[in-house]
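The values are calculated or read from the model by the stated rules, or taken from the named source; none is laboratory data. Since the model is a prediction, treat every value here as computed from it, not as a measurement. Counting neighbours? That spans all protein chains shown, and the Cβs are built from the backbone with ideal geometry, glycine included. SASA here: full protein model, heavy atoms, side chains in, ligands and nucleic acids out. Shrake-Rupley method; radii C 1.70, N 1.55, O 1.52, S 1.80 Å.
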Amino acid sequence: MTNPSAGLIGGASAGKADPKRVGDKVFGALAGASGIMILVILAAVATFLLVQGAPALFADPAKLISQGYGEFASWVLPYAFGTVWAATLALAMAVPVAIGIALFISHYAPRRLAQPLGYVIDLLAAVPSVVFGLWGAELLAPAVKGLYSWLNANLGFIPLFSGQVSGTGRTILTAAVVLAVMVLPIITSLSREVFLQAPRLHEEAALALGATRWEMIRMAVLPFARPGIIAAVMLGLGRALGETMAVTMVLSGGRSISFEVLTSQNPNTIAATIALNFPEAFGLKTNQLIAAGLVLFLITLVVNMIARWIVSRRAEYSGAN
């Protein structure tokens, strides 16, 4: 025998929408719209750079040379090299320090020290680029001139430290140090969060089997955190590739391709070149600078695609399984 009250309750509940389901649908729609908006904005930026840079990309090289601009490929190549070279030097200095700080905060430091240190590292990310540029140009560059002379005198047989030492200290290495300090909080914060997500049972099992703390980190924490570390490094690399003001204020660069890091003949970056030349550019020169921005856009896109490919190779691994 059927219960009439059950039918009434069921009918009432069927006629009234579940608030949780409505919230899920709204959230899903907003998330989908946000993802589509990002793709639209990315496509709009790429279209703008391509359309505005096309006159320089497809212009007659003889016309560019006659107007004093230079053929585009040969003109932009030194700046592309300087962009990648400065970012590579910055990551070579920042990544080991950032991972070391993140491990210290997450697995070595007592809680009363780890929390304030984490806050200080996070605050570095809020410092404006201009402040880093002023610090690098006015304080760091004069302070490292003696160090550069020592490196040249004692390690000059290494190509990186050869050549005539700059008298101002405003070299590609100084700019890379500034970039390293700027990307340090990004890599440190993300790596710290990934280290804290490592499965506690795996850590305790390694310690129970007699592993030291470092052996436990090497066997249980770092394999789990490897995709996250790669993602953090790539985010830091993206910041270093696109940094403008700090490099413009610190680096005295030009159109050269050189691996020497202590001399006054330094390759400049694409972002710094655009910032220095765009206010006075007109006509075809404006198109050339926008085309250089397109090159920087493609470099960043390729770097992120490589990062995604590296991370996807480890996607099947989960330290929690």
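Positive-end ranking of A143, S256, A92 along the dipole of the chain, with charges on Cβ about the Cα centre, is headed by A92. The length gained by stretching the chain between F259 and V40 to full extension, at 0.36 nm per residue less their Cα-Cα distance, is 75.0 nm.
Remark: accessible surface ordering of M216, M37, M234, M245 (largest first) is M37, M245, M234, M216, probe radius 1.4 Å. In this label model, A208 and Q115 are separated by 3.0 nm, measuring between points 7 Å along each Cα→Cβ vector. Extension gain, V26 to A281: 0.36 nm times the residue separation minus the Cα-Cα distance gives 87.1 nm. Rounded to the nearest 20 debye, the dipole size of the chain about its Cα centre is 540 debye, using +1 on the Cβ of Lys and Arg and -1 on the Cβ of Asp and Glu. Accessible area per residue for the stretch 61-317, computed on protein heavy atoms with a 1.4 Å probe, is 49 Å². Shape analysis of the chain based on the Cα gyration tensor places the equivalent ellipsoid semi-axes at 46, 33, 17 Å, largest first. The fraction of accessible area contributed by carbon and sulfur in the chain is 69 percent, rounded to a whole number (1.4 Å probe; ligands and nucleic acids excluded). Shown in residue order for the stretch 172-183 are the 3J(HN,Hα) couplings computed by the Karplus curve 6.51 cos²θ - 1.76 cosθ + 1.60 at θ = phi - 60°: 5, 5, 5, 4, 5, 5, 4, 5, 4, 5, 6, 8 Hz (x for Gly and Pro).
Taking a quarter of the surface of the Cα convex hull of the stretch 203-306, what do you get in nm²? Numbers along the way, then the final one.
Working: hull surface 38.9 nm².
So the mean shadow area of the Cα hull is 9.7 nm².
For the stretch 148-158, backbone phi angles converted through the Karplus equation (6.51, -1.76, 1.60; θ = phi - 60°) give residue-by-residue couplings of 5, 5, 5, 4, 5, 6, 9, 10, x, 5, 7 Hz, Gly and Pro being listed as x. Free of any chymotrypsin sites (Phe, Trp or Tyr not before Pro) that DSSP assigns to a loop and that have at most 14 other C-beta atoms within 10 Å, the longest stretch within the chain is 158-258. If R0 equals 25 Å, the separation of the Cβ atoms of W309 and L57 corresponds to a calculated FRET efficiency of about 0.35.
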